[in-house]
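One structure is given below, encoded as structure tokens.
The values are calculated or read from the model by the stated rules, or taken from the named source; none is laboratory data. Values in this document were obtained by computation on a predicted structure and should not be read as measured data. Note that each Cβ is placed from the backbone with ideal geometry, even for glycine, and that neighbours are counted across all protein chains shown. What goes into the accessible areas is simple: the full protein's heavy atoms, side chains included, and nothing from ligands, DNA or RNA. Shrake-Rupley method; radii C 1.70, N 1.55, O 1.52, S 1.80 Å.
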Amino acid sequence: MIAAQDRKIAIWNIGVAYIAFLIGTLCGLLQVFIRNDALQLPAWLDYYQILTAHGVLLALIYTAFFIFGFFVTGMSKTLGTFGPKVWLFSWIGFWVTLIGTVMATVMIVIGEASVLYTFYAPLKASGWYYVGLALYVVGTWISSFALIGHYLVWRKKHKGEMSPLFAFMTIATLVLWLIACLGVVATVLFQYIPWAFGWTDTINVELSRSLFWYFGHPLVYFWLLPAYMAWYLIVPKLLGVKVFSDSLARLSFVLFILFSIPVGFHHQLTEPGISNFWKFLQVVLTFMVIVPSLMTAFSMFATFETSGRKKGAKGLFGWFKMLPWKDVRFTSIFIAMAFFIPGGAGGIINASFQLNEVVHNTLWIVGHFHITVGTPVAMTFMGMTFWLIPYLTGRQFTKSMQTLGFVQIITWTIGMLLMSTAQHILGLLGAPRRTAYSAYNNHPSALEWFDGIVTSHVTMAIGGSILFLSAMILIYIVVMTMFLSPKAVKPEDIIEFPLAESDRESSPKFLENWKIWIGIAFALIFIAYAIPLSSMIQHAPPGSEGFKTW
Ligand code: HEM
Ligand SMILES: [Cu+2]
């Protein structure tokens, strides 16, 4: 078990994550009923207020706090107890992130920031909302630098050694996050805050959106890489084997840094202000990310097969039966991975110019991110929650909790299959996303969206309700394992951090030479962004004043 002082940081991060999860999923439940015209909100509550809270609390807050909780635990376990400075800055980072979060949430709740989590200009929120977002980013930076400091101290003491794979992957994820945030910090500090407080009259909309998506795409990798860490490092341990290949794992993380940043224009394919050449270039770079993604998939199947064969599996697929299906820590992650197969394929569709025209801004997109971040990432985090909290609190993960864990992941799976399938199909039928008003005065085409067995808003509402039920079961498990379950005393009750071994000394040293990777990352960013961004600034159209549409 890691030192109590480090455990405390991790447990507070995870606690905040689950408070955000609770409120965020409640908003999700309201959304599915409002869109189905089954629920009318009181006049003081707006659909966009709820949708903003849902996006911010789940996509930004739940993820980030959970990820830092996981990183703190793993870094303390693999590199040793935090020194006083690392400890102090981890707490400062936590509190600054939390203050930013609370500020932004309060602005949403009092109706001053119904601008959705993408906060596109010219929608204009209260200046304090953007200050909250800025503090959130700064807080995560402080926490990141604390962990990077911990890593640098370790490397100084272990000259010439490869770092443990967990630490390497953490640092890769944080490097990605720090570079990605530069875009959002630039637009929030130099565009939104002066504009929202009235120091400037207008805003350059195109530039603000481009800087947002410079951040917005790597943001999804900031969610995904920690989930991949569980796939690379936790799953083999649960299967009783080593990491399939240490160098493959490191190389794939490095490639994710390179190819997840210079690609934001794939979210802006319908925008007229960016020329086709730059969109094309960024789409090509987007498709490069398929390489490390398939490397990851390969490595997972190799792990499954190795472990199955070790247990005596025969034939082409005999290993499948040998997987530890009765272990909820494994089954949860396996289902998460399975969802990522259609999720990743959908991503290729979205990034393709012509197909993007069909699905852009429809419910298809909502279906897509619920089977990428909403399940592969979220369910991996759920599966980790089952052992991470008991590990940190020293409590048991009792038999009844394990059963409930299965009920939770199975209900999430069923709910998500219903909701996301309906959303994908509704999107193809033309139903827009981000709107409460979905019947369009009973126009016949819109009415089609309300019948059909798996293709309607009704299916979406049934799926959403099952998902919410599942979320509440998870909250119950979290509360129990955090505060109420019996303490683990007997050795067989004590929950371990399941971390697989990897042959780190066999990996080539250049993989841990950050100068090379950060250098290439910036070179790619420069190639993809320097010219289009500077022309957006030089040939800026008249800016826009702010709009408050709610
Ligand atoms: C109880 C579970 C959930 C339900 C019922 C639900 C439902 C929905 C619905 C219906 C929308 C689209 C609304 C619209 O476009 O009008 C939506 C949007 C969204 N959801 Fe969920 N969701 C759930 C869980 C999650 C989770 C776990 C995540 C991420 C970790 C997530 C992330 C998002 C994001 C980022 C949006 C986009 C918000 C926007 O358009 O600004 N959701 N959700
Ligand atoms: Cu993207």
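Can you tell me, using C-alpha contacts under 8 Å and at least 6 residues apart, the relative contact order of region 192-314 as a whole percent? Don't skip to the end; give the middle numbers.
Values: 86 pairs, mean separation 38.4, N = 123.
The normalised contact order for region 192-314 reaches 31 percent.
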Label-to-label distance, nm, for residues given as Asn276 and Val489 (7 Å Cα→Cβ offset): 7.4 nm
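Going by a ≥ b ≥ c, the root eigenvalues of the Cα gyration tensor, does region 60-180 fall in the rounded group (a/c under 1.5), the prolate group (a/b larger than b/c) or the oblate group? It would help to have the intermediate numbers written out before the result.
On the way: a/c = 3.12, a/b = 2.45, b/c = 1.27.
Prolate, because a/c is 1.5 or more and a/b exceeds b/c.
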Centre separation in Å (Cα based) which lies between region 320-359 and region 277-304: 14 Å
Cα gyration tensor, region 316-435 - rounded (a/c under 1.5), prolate or oblate: prolate
With DNA, RNA and ligands ignored, accessible area of Glu505 (1.4 Å probe; Å², nearest 10): 110 Å²
Two-site label geometry, Leu88 and Glu496: point separation in nm, points 7 Å out along Cα→Cβ: 3.7 nm
Normalised contact order of the chain, rounded percent, pairs of Cα under 8 Å and 6 or more residues apart: 20 percent
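Based on the alpha-carbon gyration tensor of region 438-550 and its eigenvalue square roots a ≥ b ≥ c, which shape applies: rounded if a/c is under 1.5, prolate if not and a/b is larger than b/c, or oblate?
Taking the square roots of the gyration eigenvalues as a ≥ b ≥ c, region 438-550 is oblate.
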Built amide H within the under 5 Å cut-off of Leu123, gap 5+: Phe547
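Got a sec? What order do Leu524, Leu511 fall in by accessible area at 1.4 Å, biggest, i.e. largest, first? Write down the numbers at each step before the final one.
Values: Leu524 35, Leu511 5 Å².
These residues rank, largest area first, as Leu524, Leu511.
What FRET efficiency comes out for Lys515 versus Asp451 if R0 is 56 angstrom and r is the Cβ-Cβ distance? Round to the nearest 0.05. Could you put the intermediate results ahead of the total?
Values: r = 59 Å, r/R0 = 1.06.
Efficiency for this residue pair is about 0.40.
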The chain, helix-only ellipticity at 222 nm - DSSP H runs n ≥ 4, -39,500 (n - 2.57), divided by all residues, nearest 500: -22000 deg cm²/dmol
Solvent-accessible area, 1.4 Å probe, carbon plus sulfur percent, for the chain: 71 percent
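Relative contact order, percent, of region 414-496 when contacts are C-alpha pairs under 8 Å separated by at least 6 residues?
35 percent
Determine by what factor the alpha-carbon radius of gyration of region 252-361 differs from 2.2 N^0.38 Å, reporting the quotient. Can you show the working numbers first?
Values: Rg = 18.4 Å, N = 110, 2.2 N^0.38 = 13.1 Å.
Cα Rg divided by the expected 2.2 N^0.38 Å: 1.41.
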Residues whose placed amide H lies under 5 Å from that of Thr362, excluding near-sequence neighbours: Arg433
Hypothetical label at Thr549: residues of region 345-382 whose amide nitrogen lies under 11 Å (7 Å Cα-Cβ projection): none
Sparse-neighbourhood loop sites, chymotrypsin sites (Phe, Trp or Tyr not before Pro) in region 157-215 - DSSP loop, at most 14 other Cβ within 10 angstrom: Phe197, Trp199
Over the chain, volume per residue of the alpha carbon convex hull, in Å³: 156 Å³
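Suppose accessible area is computed on protein heavy atoms with a 1.4 Å probe; arrange Phe277, Phe522, Phe265 from highest to lowest. Don't skip to the answer; put the middle values down first.
Numbers: Phe277 120, Phe522 90, Phe265 0 Å².
If we order Phe277, Phe522, Phe265 from most to least accessible, we get Phe277, Phe522, Phe265.
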Solvent-accessible surface (1.4 angstrom probe) belonging to Lys548, in square angstrom, nearest 10: 110 Å²
Listed residues Thr413, Thr170 arranged by accessible area, highest first, probe 1.4 Å: Thr413, Thr170
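Report Rg(Cα)/(2.2 N^0.38 Å) for region 229-305, keeping two decimals. Kindly include the intermediate steps, with their values, before the conclusion.
Working: Rg = 16.4 Å, N = 77, 2.2 N^0.38 = 11.5 Å.
Cα-based Rg divided by the globular estimate yields 1.43.
So what is the accessible area of region 264-384 per residue, in Å², with the probe set to 1.4 Å?
Details: 5180 Å² over 121 residues.
Heavy-atom accessible area per residue stands at 43 Å².
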Distance between region 55-96 and region 24-38 - C-alpha centres, whole angstrom: 31 Å
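Efficiency by 1/(1 + (r/R0)^6): what FRET value for Leu22 and Ile341, r their Cβ-Cβ distance, R0 = 25 Å, to the nearest 0.05?
On the way: r = 29 Å, r/R0 = 1.17.
After rounding to 0.05, the efficiency reads 0.30.
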With DNA, RNA and ligands ignored, accessible area of Thr105 (1.4 Å probe; Å², nearest 10): 40 Å²
Nonlocal amide H pairs with Arg395, under 5 Å, H built at 1.01 Å: Ala488
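Out of region 151-219, which trypsin sites (Lys or Arg not before Pro) are coil in DSSP terms and have no more than 10 other C-beta atoms within 10 Å?
Counting only loop positions with at most 10 other Cβ atoms within 10 Å, the trypsin sites (Lys or Arg not before Pro) in region 151-219 are Lys159.
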